[in-house]
Amino acid sequence: MAPISIKRILISESVDPCCKKILQENGIQVTEKQNMSKDDLIAEIKDYDGLVVRSATKVTADVINAAGNLKIIGRAGTGVDNVDVDAATIKGIIVMNTPSGNTISAAELTCTLLMSLSRHVPQAAMSMKAGNWDRKKFMGAEMYGKILGIVGLGRIGKEVASRMQSFGMKTIGYDPITPPEVTATWGVEQMSLEQLWPKCDYITVHTPLMPSTAGLLNDTSFAKCKKGVKVVNCARGGIIDEDALLRALESRQCGGAGLDVFVEEPPKNRALVNHPNVISCPHLGASTKEAQARCGQDIALQIVDMVMGKSLVGAVSSSLLLQSSKFRFTHEV
Ligand SMILES: NC(=O)c1ccc[n+]([C@@H]2O[C@H](COP(=O)([O-])OP(=O)(O)OC[C@H]3O[C@@H](n4cnc5c(N)ncnc54)[C@H](O)[C@@H]3O)[C@@H](O)[C@H]2O)c1
Ligand SMILES: O=C(O)[C@H](O)COP(=O)(O)O
């Protein structure tokens, strides 16, 4: 493709310093401004032809329409649900992400939450800090021999499967795109969601947030699950319906939830966060030194490639591609 001139980039979140360094070494002027309000961003964006974000910056149509010169939105991470890709596409702005940079970190946090749910580690640690020595209250259950349902068998789902198999879990799953013959080679038996819900001791979701995945676990699906099923959401808030989850926790249909992500971040739903069987993190899936270094480097190099006119592996060019994440990250523009 033809080279694209990028002179000034705004980094609106805490992105690894290597990103700024690489961009500057390639002649791009970089400004870092964090915690901007929507109005601040709208006022600021017109001065830039590139924007680098993580998940907290909401790149809405208002922001995109206010950006007279913007040519690229770089997401140093995986999910692009905080970017209005349709609005960007209409204006010819390229949206790109770095989907593999934080896969291992997100998978490791998912496994940490699964294991913490089985042994009540966060609750036991809080109890110890309060001066207690309560061995009965925190009776757990082995992961060994239990069934883990993985909804979304992409990069992270695959890594979660192999790690939890090493604890002796049986892994089953569902994905509308990844073929069952492929997941069979990872030791994951695929089935319909109707078949999957009643079988699982644990369920973890690893899909993007899209209209078809919002509320995937809801009152109806919880009712089909085993009583006491434990669930983890390290993907996006809203894939597990938060109100339905709270109802399921209160009725004990759900025995515990590990949540890294929320519909609103920070979450306003305090009843959910404060529930005794909920353990939660402030969206930490990608918050490791290694993941941040990879994502910061990848997004900077992808932008430099674009400036040099190289092909754009990693570009999201239309909402159609977003619907099918298999094609999202390998499309050449
Ligand atoms: N907590 C964090 O910090 C963190 C870190 C990285 C990624 N994420 C989230 O995790 C999500 C998954 O990341 P990934 O790298 O594995 O993405 P991926 O694209 O590799 O995998 C997603 C999978 O979901 C499948 N899918 C789509 N619709 C589905 C449906 N209705 N039911 C079941 N499966 C469906 C896709 O076919 C794909 O295989 C990202 O979209 C992102 O939102 C969160
Ligand atoms: O989609 C992602 O990459 C993760 O949710 C990480 O988001 P973050 O970069 O805001 O930590």
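The values are calculated or read from the model by the stated rules, or taken from the named source; none is laboratory data. As the structure is a prediction and not an experimental result, all values here were calculated from the model. Note that we place each Cβ from the backbone using ideal geometry, even for glycine, and neighbour counts take in every protein chain shown.
Quick look at the values:
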read-out: Per-region count, the stretch 226-276, residues in contact (Cβ under 8 Å) with a residue 24 or more places away in the chain and either of a type in the set (A, V, I, L, M, F, W, C) or not assigned by TED's automatic domain parsing to the domain that holds R155 (or both); value: 20
read-out: Listing of strands (runs of 3 or more DSSP E) fully contained in the stretch 34-152 that carry 1 or more residues being on the phi < 0 side of the Ramachandran plot, surrounded by 18 or more Cβ atoms within 10 Å (Cβ to Cβ) and in contact with a His (Cβ under 9 Å, 6 or more places away or on another chain); value: 147-151
read-out: Candidate set: the stretch 282-303, residues that are of a type in the set (A, V, I, L, M, F, W, C) and away from ligand 2 (no atom under 11 Å from the Cβ); chosen: the one surrounded by the most Cβ atoms within 10 Å (Cβ to Cβ); value: A300
read-out: Strands (runs of 3 or more DSSP E) (entirely within the stretch 166-218) containing at least 2 residues that are within 16 Å of ligand 2 (Cβ to nearest atom) and either modelled with pLDDT of 95 or more or within 18 Å of A257 (Cβ to Cβ) (or both); value: 202-205
read-out: Total residues in the stretch 16-31, condition farther than 21 Å from I93 by Cα and β-branched (V, I, T); value: 1
read-out: Test: residue in the stretch 58-72 that is within 30 Å of N277 (Cβ to Cβ), within 17 Å of the chain's Cα centre (by Cα) and either at pLDDT 95 or above or in the same structural domain as K136 (by TED's automatic domain parsing) (or both); value: no
read-out: Scope the stretch 219-253; condition under 17 Å from P276 (Cβ atoms) and assigned to a helix (DSSP H, G or I); matching residues; value: E242, L245, L246, R247, A248, L249, E250
read-out: Condition met for D175 (assigned by TED's automatic domain parsing to the domain that holds G256 and within 10 Å of ligand 1 (Cβ to nearest atom)); value: yes
read-out: Count of residues meeting criterion [in contact (Cβ under 8 Å) with a residue 40 or more places away in the chain and assigned to a helix (DSSP H, G or I)] in the stretch 22-33; value: 2
read-out: Tally of residues being under 21 Å from V261 (Cβ atoms) and charged (D, E, K, R) across the stretch 100-144; value: 1
read-out: Residues of the stretch 281-296 classified as of a type outside the set (K, R), closer than 9 Å to D16 by Cα and more than 12 Å from ligand 1 (Cβ to nearest atom), total; value: 2
